[in-house]
1. Which residue, SER47, SER64, SER19, has the most motion in a Gaussian network model of the chain that connects Cα atoms within less than 10 Å?
2. For LYS35, list the lysines whose Cα falls under 18 Å from its own Cα; do not include residues on the same chain fewer than 8 positions away.
3. Compare the peptides 25-34, 67-76 by average per-residue count of other Cβ atoms within 10 angstrom and give them in order, highest first.
4. Below 8 Å between Cα atoms, with a sequence gap of 6+, how large is the relative contact order for the chain in percent?
5. Residues with amide H under 5 Å of SER10's amide H, sequence separation 5 or more or different chain, H placed in the peptide plane at 1.01 Å from N; which?
6. What distance in nm lies between label points placed 7 Å from Cα along the C-beta direction at ASN36 and ARG72?
7. For the chain, what is the convex hull (Cα atoms) projected area averaged across all directions, in square nanometres?
8. Charges at C-beta only: +1 for Lys and Arg, -1 for Asp and Glu. How large is the resulting dipole of the chain about its Cα centre, in Debye rounded to 20?
Amino acid sequence: MNINTNNLVSITEANQNFSKVARLVDESGSVVILKNNVPRYLVMEFSAAEQAQLAADEDVAAVSKRLLEQNRQSYDVLAK
C-alpha cells in the first residue's frame, strides 16, 4: 500500500479536528492516522470498504473454482 504523506494525521489532530480528516478523505479517498508516529488507523469512504470486501469475496470464489476444476476427477470418484 502506498501512503501519501499529505494524508497523514496525528491522532491528536484527528481528535481535535475530525472535520479536517473527513475533508481529506473526501479529497483523497483515505487518511492514515498516526499514533506515536506509527500508522495505526485507516479512515476511508464506506463505499471503498464495501468494494474491497467484494473484491476479497471474488478472490475466494475464483480460487474455489480453480481448485474444483483442478481436482474434478477426485471429486467425481468421491461422489460415487
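The values are calculated or read from the model by the stated rules, or taken from the named source; none is laboratory data. Small disclaimer: the values here were computed from a predicted structure and weren't measured. Methodologically, a virtual Cβ is constructed for each residue, glycine included, from the backbone with ideal geometry; neighbour enumeration extends over all protein chains shown. Heavy atoms of the whole protein, side chains included, go into the accessibility calculation; ligands, DNA and RNA do not. Shrake-Rupley method; radii C 1.70, N 1.55, O 1.52, S 1.80 Å.
1. SER64
2. LYS20
3. Working: 25-34: 15.4, 67-76: 9.7.
Ranking, from highest mean packing down: 25-34, 67-76.
4. Numbers: 55 pairs, mean separation 15.9, N = 80.
Value for the chain: 20 percent.
5. Residues meeting the criterion, in which the H sits 1.01 Å from N, are LEU34.
6. 5.5 nm
7. Values: hull surface 31.6 nm².
Result: 7.9 nm².
8. Values: 8 positive and 10 negative charges, 55 e Å.
It works out to roughly 260 debye.
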